[in-house]
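See below for the structure under consideration.
Please treat every number below as a calculation from the coordinates, not as lab data. Here the structure is a predicted model, which means the values were calculated and not measured. Glycine also receives a Cβ, built like all others from the backbone with ideal geometry; neighbour counts cover every protein chain displayed.
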Amino acid sequence: MKTTHRGEATGLSLYDRAAEDAAATVIAHYSTSFGLACRLLGPRPRPHVRNVYALVRVADEVVDGPAEEAGLSPEATSEVLDQLEHEVMAAISRGFSANLVVHAFARTARECGIGEDLVAPFFASMRTDLTTSSHDAASHDAYVYGSAEVVGLMCLQVFVNAGAPRPVAPAPDLVEGARRLGAAFQDVNFLRDLNHDGQVLGRDYLGLSQPGDQRAAVLDRIDADLAAAARAIPALPPDCRRAVTAAHDLFAELATRLRADHGDARVRVPDAVKARLAARAMLGFAPREVRA
């Protein structure tokens, strides 16, 4: 590591630190709930999880409005997304990117074993947002896998491998739990954002705008996914359990409120309740029981 005469990092070490700070800034601007859960992670996995979510957020923003607001056509937006995916894969291969968020993600990917098998499905789902406005059951499942389940699997790679000499494959029960938790998170977000997705973005992920509202079935699926994920959380490394429990319980609370609320306002969890859920997780309580 290069340092100045005062012992401060320079060169690549300074660049790495700036990249991690850039990732943390992205998260701070876009997700207070995620920021709360991330603070419950131990110092070993915390910066890596922020690096994953920062890249995910940037890609999501490309397809969710800012690029269009900047005057880009759908074709130009697709090209930007393609370029971002190419830069991510190149950075994982070479270990460097001029894009600070990509550089931070690539460092995490190289250390924790995140490869094309997870990156490619994620970008495929992001690309779907540019071409598909209404989903059936099959396309919903494919979209959720790429947009959410693989993000859970990326985080799992971090939980298991951050700081290890070389990455190893997580246990099958942890893989199942990560996928189910990611799917639950995504379906909760679909329900919360139903009006915005339909009216502003022109997208229907759940088919609830069509005759035969299946809202209760979606909530039942969410509960089943949350229950399955809860069973895997105790097997996570100790410095990850509290954060994942807090996130699980927050979305369980959102699911409960969504089941009780059919209004147009976006359902949210009050800050006092978030703090209580975080405190409960911090004290080491098991994930909230969800009846599937």
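Observations
- Segment 128-175-segment 88-105 distance, computed between alpha-carbon centres (Å): 20 Å
- Each peptide in 42-48, 146-152 gets a packing score, the mean of other Cβ atoms within 10 Å over its residues, and the list from highest to lowest is 146-152, 42-48.
- Inter-label distance for ASP193 and ARG215, nm, one decimal - labels placed 7 Å from Cα along Cα-to-Cβ: 1.9 nm
- For ALA98 and THR32, the FRET efficiency from 1/(1 + (r/R0)^6), where r spans their Cβ atoms and R0 equals 30 Å, is about 0.50.
- Directionally averaged projected area (convex hull, Cα atoms, segment 31-82), nm²: 4.1 nm²
- Calculated on the alpha-carbon coordinates, the convex hull of the chain measures out at 144 cubic angstrom per residue.
- Counting only DSSP H runs of at least 4 residues, each contributing -39500 (n - 2.57), and dividing by the residue count of the chain, the helix-based mean residue ellipticity at 222 nm comes to -22000 deg cm²/dmol.
- Label-to-label distance for ARG291 and ASP117 is 3.9 nm, based on points extended 7 Å past Cα in the beta-carbon direction.
- Cβ-Cβ distance of LEU14 and ASP136, R₀ of 45 Å, FRET efficiency by 1/(1 + (r/R0)^6): the value works out to about 0.35.
- Between ALA164 and ASP82, the contour length at 0.36 nm per residue exceeds the alpha carbon distance by 26.4 nm.
- Quotient of the Cα radius of gyration of segment 1-152 and 2.2 N^0.38 Å, N being its number of residues: 1.11.
- Working note: Cα atoms of segment 137-281, range along each principal axis, descending, whole Å: 52, 37, 25.
- What the Kirkwood sum gives for segment 242-292 is a hydrodynamic radius of 11.5 Å, with every pair of different alpha carbons counted.
- Working note: Debye formula, equal point scatterers on the alpha-carbon atoms of segment 66-203, no solvent; log10 I(q)/I(0) at q = 0.12, 0.15, 0.18 Å⁻¹ is -0.56, -0.85, -1.14.
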